[in-house]
Amino acid sequence: MRTNMAGVSRKPRTDLFEAFPDTLRRRLKAIIRHFLDSSFAGPKLDPNLPSIAALRIINCNATGKSVPFYQATCDVERHANIFPFYVIFKTGFKILRQFLITGSAPVEQDHRHTLAKLLNFIMAIEKESPLHHLENCADEVSLNVLLTNHLFAMLCSSSQFTMDNHLYRKHDRYMCPCGSDECELTGKCGDTSIGNTNVWHGNLDVILNSNLPVKFTSLGDGDYTNSDDETKNKSPVNNCANLNRKASLKLNQQMIAEVIVFSFLNKKLHPCSESYLVPCLGSCGTDLVVYLYDAQHDVLLESCQFELRNKTTGALNLVTIIVTWLVVNYRYTCTGLTPYMMKKSNFFTSAKEKLQVYQEDLKFGCVGLSEAEVVVEVSDLPWNADGLKDIDDELDELSKYF
Ligand SMILES: [Zn+2]
């Protein structure tokens, strides 16, 4: 028994990795086997054999004059080959597999932290989680916020996120919609705009951990009306439109535009990254899909759809939990493209006349605001120009003592 400096004995801290129940460990092993079996994936995207397809762009309006995401069009078709989902997340599977075999924590601190998020999450949902009661959500906005706060953010190495302030602020959703007095959002509303007003641009629904776009399909998607449409955000969750939302995850043109822009932006902001393959997570409330784009190799990928809950039992689907964990932590889990996945999407050709804008002139924040609006936005911050004068005075004062 250890003692602290005051000589009082204390129990050793229970190690999460040692305490992880054998029953769950066995279930995770079976899940890994399920992913590995997908190496025999057939010619179709199949959630029973988690798979991913490369897409080819036939026609798009990426060079149109100032096209917001909700008006983006991008007709695509799938390349013939379908790949197993795990091949681009080999590092993540290795972290998980190593733990399941040895029972011990990963040596690298970031891997240990990331795996701990998954194990804690799985143990917690065994007991209780608002994710078991999604049907109680009053509307789409509540559902989207709840999924972000209780699923995506909880599995991510950092639980910080930013929600589009146009879509969420006016609905007064600062509190977590799960209804618990003790539950707070780990994210906030803010500016999620990316792109360039000369090309594709707009507000992302959610940016997770500053590096992952999340897109929620809505009942109003596809009619190209403004995303502020009142009716779509107040629609009940349980209605037949859910089927349309589910179908809208397939070959989703807006998600494709968003992930392409985000990847180019990521490449510009992090020019020394080992891989520029960036995912975008899409959800319709009941299912998830993942799109990925590599702005260096011009490769666009679409995953099969993953159901959040088992149709028969209603239990949360562990395969989908693992997929979500791999995607939201892609900086640690993604291996990047393998040589046989280098199937061009033709975006470079399709956007040839404005490719330079995508490569050099995209930005993060204040996209589409007039100069006057940008000034108003900045002046809201505590470190505005007037405030700096006070800080200078304080620094002068402090300098007397050093
Ligand atoms: Zn909550």
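Here's the picture: charge each Lys and Arg Cβ at +1 and each Asp and Glu Cβ at -1 in region 16-364, and of 178, 263, 47 the one pushed furthest to the positive end of that dipole is 47. For region 91-134, GluC sites (Glu not before Pro) are listed when DSSP marks them as loop and at most 14 other Cβ atoms sit within 10 Å of their Cβ; the list is 108, 128. Remark: region 16-364 is approximated by an ellipsoid whose semi-axes, taken from the C-alpha gyration tensor as √(5λ), come to 29, 25, 19 Å, largest first. Around residue 268, with a cut-off of 13 angstrom between Cβ atoms, what is the net charge of the other residues, counting Lys and Arg +1 and Asp and Glu -1? Net charge in that neighbourhood comes out at 0.
Ordering 115-123, 77-85 by mean Cβ neighbour count within 10 Å, with the highest value first, yields 115-123, 77-85.
The mean sequence separation of alpha-carbon pairs under 8 Å and at least six residues apart, normalised by the residue count of region 16-364, gives a relative contact order of 23 percent.
Rolling a 1.4 Å probe across the protein heavy atoms gives region 16-364 an accessible surface of 43 Å² per residue. Could you please state how large a percent of the accessible area of region 16-364 is carbon and sulfur, counting protein chains only and using a 1.4 Å probe? Whole-percent figure for carbon plus sulfur exposure: 50. Ranked by the mean number of other Cβ atoms within 10 Å of their residues, highest first, the peptides 276-286, 91-101 fall in the order 276-286, 91-101.
The values are calculated or read from the model by the stated rules, or taken from the named source; none is laboratory data. Because the structure is predicted, anything quoted here is derived from the model rather than measured. Glycine also receives a Cβ, built like all others from the backbone with ideal geometry; neighbour counts cover every protein chain displayed. The accessibility values were calculated without ligands, DNA or RNA, using every heavy atom of the protein model including side chains. Shrake-Rupley method; radii C 1.70, N 1.55, O 1.52, S 1.80 Å.
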